[in-house]
Each structure stands twice: as structure tokens, then as C-alpha cells.
1. Quote the FRET efficiency, to the nearest 0.05, computed for residue 263 versus residue 359 with a Förster distance R0 of 35 Å and r equal to the Cβ-Cβ distance.
2. Set the Förster radius R0 to 35 Å, insert the Cβ-Cβ distance between residue 8 and residue 55 as r into 1/(1 + (r/R0)^6), and round the FRET efficiency to 0.05.
3. Taking +1 at the Cβ of each Lys and Arg and -1 at the Cβ of each Asp and Glu, which of 264, 206, 279 sits farthest along the dipole of the chain towards its positive end, judged by Cα position relative to the Cα centre?
4. Could you sort out which of 110/167; 42/110; 257/299; 42/179; 226/299 sit more than 24 Å apart by Cα distance in this structure?
5. Based on the alpha-carbon gyration tensor of segment 59-184, what equivalent-ellipsoid semi-axes (square roots of 5 times the eigenvalues) come out, in whole Å, largest first?
6. To the nearest 20 debye, what is the magnitude of the charge dipole of segment 223-317 about its Cα centre, counting +1 on the Cβ of each Lys and Arg and -1 on the Cβ of each Asp and Glu?
7. Whole Å is fine, so just give me how far the alpha carbon centre of segment 136-213 lies from that of segment 311-366.
8. Farthest toward the dipole's positive end in the chain, which of 98, 193, 180, given Cβ charges of +1 (Lys, Arg) and -1 (Asp, Glu) about the Cα centre?
Amino acid sequence: PHAEKLGSGEGCRILGQLLLADGRAEEASVLLQRYTEPRLKKWRDAEERYNRVASEAYADVIDDLNNDRAPQSFYTAYENAATEDKKGILVDEYAYEQMQVNPRYLRAGKDYEEASAIVPVIMDLGISELQAAQGASDPVRRQELLESAEKRFLTLQETAGETDEFKFFLGQVYYWSGKQDEGRALFDELLASSSRSYATLLTLSGTLREIGNTTEARALAEEAYKAASSDEERDAAAGRRALLYTDVDDQISWLEKMKGGDLYAITQLADARAGKAHSEGRTAEAIRQYRIAEDGWAKLPVSPSVLNNGALVQFALFSLTGEVSNYEAGSRMMERAVALEPDNSILLGNAASPLLTTAVMQLVEG
């Protein structure tokens, strides 16, 4: 309730980061921008000064070396160096030692280090704008947020450009902005720098699925499954791959690879088997499997996706049994799912048809 009274101080940053962690990206971006703006110029000025002072300090050391103002031991080692590369290393090591006792250089470094505390906040600001763009329904507003997020990340390119986190989030910005080649290039760099590790493969698979690039997401999930080093990792990769199924048989095949007895996987598998039996006219088996899925979704922690999946099972049972109670239960679950995540287009689409059917059922009741 005190957000507007926090000004641009540390309280503003802390609340902004808490809101981001809580998934309230639009609100977080307002506070994080308010915090970073007055500090951005100070950071850039400190960086510019540090680079200038470092260059001058290095030049002073080289001038000392060229004018015989270094210890004789350095010149002896330099003359005895076997290669030019080794001579260069000696020079750099000597310069580094001398710069560590240069008060002007040390002061500039300390000022830059203090000003650089803003770097992770700029990263969070870019992330908040990216996430807000992903949830924006207005295409103009979405593009504005994406352009702003790209600007934030590019500000950090020299400082954090080689970090995995930087590549991961800027890659997402590029994909969402329609710059798929740039996004793919950053994701390829991320995969290469991690030696295509299991964690990176699975993370990028999930990201590409959210973006809508299911073909590449599917391939990375399969590669993650092969790279997994434990049953737990294999189960997670198989579960991700099952979400990217090409048909119901493909989905069942990947769900059956999950050996850990995870309730979510068991419920998904029953749901998929029920759908297959339903489509093939095996009504009794479809109802039996849907009952297993119904029980599973009811036991899992409440979330928009669990409510959505549970509602779809209830609607399927209604279509097979004619029990109105199933339909009413499904409608209530779908309404709760939409209330929890009103911007989710998949949920909204799933909820639209039941609304019409419910209205017709009320008209012809009895």
C-alpha cells in the first residue's frame, strides 16, 4: 500500500524485486524503472572514468618500463623469455602489480564497483518488461515492452553479455519480437557454453514451448532425455516431451517412460489413455481411465493448469455418461482457472464453449 511513497530508494528496489518474484511483472517494472533511472548515469560515468583511468595507469607503467624505471629483475626475466607471448605475459603481470598500488586507479575501481550494484536491478527490470510483454493482450503495448526490455539487456552487453542469464533472457526478447534468427543464435551460444547440459536443454525446451516453437522444443526435450543422468531427470525430460506430443500415441509413449510414480504423470497418462479409448469407441475403458484422472487432478495442488485439465475430464465424463453433475463440476473448475489466470488465452478458449453449453442446459433443464 506504500508503493507510491517509496520514492526511488532501496525500498522501491526491494518491493519491485518481490513483485517480480510474485509474478506481478507490470507493477514490478514501474518500481524497478523508478529505481534505476537516477542511478544509470552514475554507473555509466563511473564505468567511463574507470576505463580511462585504467588505460592511463597502464600507459604509465609501460612508460616506466621503456625508460628503465622498473627493477632490474624484470628486465632480466624479460630478456630470458623464450617467446614473444611469454614476454607479453611478463609485461601484463608487472603492469597488474603496479596498478594495484596506484591510488587513483584503485579509487576509480571502487567507485565503479559501487555503481555497478545497479547491474542486477537493470537485469530484473528487463526481465519484468519481458514477462509483462508476454502477458500483454494489446499488441502495441507488447511491442513497447519488448523494445524496452531489449534496450535494458543491451545496456548490460559489455558487463554481462557473456553470462548465461543474459543470453537466456535477451534470446527470449528476440523470439517474442519476431527476431528468431537473433534469438536462435543466442540460444545456440547458451547451449555451446553449457556443453549442451541437461539443465540447459530442458530449460530452453520449456522456453521454446512457451514461445510456440514446438518443433525445436520437442527436439531439445528428447536430447535432454538422452543426456539425463538419473531417473528423476529422465522423468522430468519425458514429462516435458509428453507435453509436446504429436498425437495421443506419442503422448502415451512418453508418459509411459516416466518410472518415478509421480502423481501428475500418472494422472496425465490416465487422461491420455482415456482420450484414446474415447476416440476409439471403447466407452467402458474410457470412463474407467477418466475416473482415475478425475481422482488424480482432484488430489494435485490447485493451479490454473490442474483446474483446466480437471475440468476437461469432467466435460469428457459428461459426454460419456450424461451426468449433469460432471458438467457442472467442470464449469466450476474452469471458472476458477480463469479467475486465477485471466490473461491465459488457452484457458479463455477452453472456457468459452462451456459457457454456451451451460446456458443451453439451463434453458432446457428437465
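1. Working: r = 35 Å, r/R0 = 0.99.
Taking R0 as 35 Å, the efficiency between residue 263 and residue 359 is 0.50.
2. Details: r = 33 Å, r/R0 = 0.93.
In this case the efficiency is close to 0.60.
3. Of the options given, the answer is 279.
4. Details: 110/167 27 Å; 42/110 13 Å; 257/299 22 Å; 42/179 32 Å; 226/299 31 Å.
Check vs 24 Å cut-off fails for 110/167; 42/179; 226/299.
5. Working: eigenvalues 449, 62, 17 Å².
Semi-axes from the Cα gyration tensor: 47, 18, 9 Å.
6. Working: 12 positive and 15 negative charges, 27 e Å.
About 140 debye.
7. 36 Å
8. 180
The values are calculated or read from the model by the stated rules, or taken from the named source; none is laboratory data. Owing to the predicted nature of the structure, the values given are computational and were not obtained by experimental measurement. Neighbour counts are summed over all protein chains in view; Cβ atoms, including those assigned to glycine, are modelled from backbone coordinates with ideal geometry. Ligands, DNA and RNA are excluded from the accessible area calculation, which covers all protein heavy atoms including side chains. Shrake-Rupley method; radii C 1.70, N 1.55, O 1.52, S 1.80 Å.
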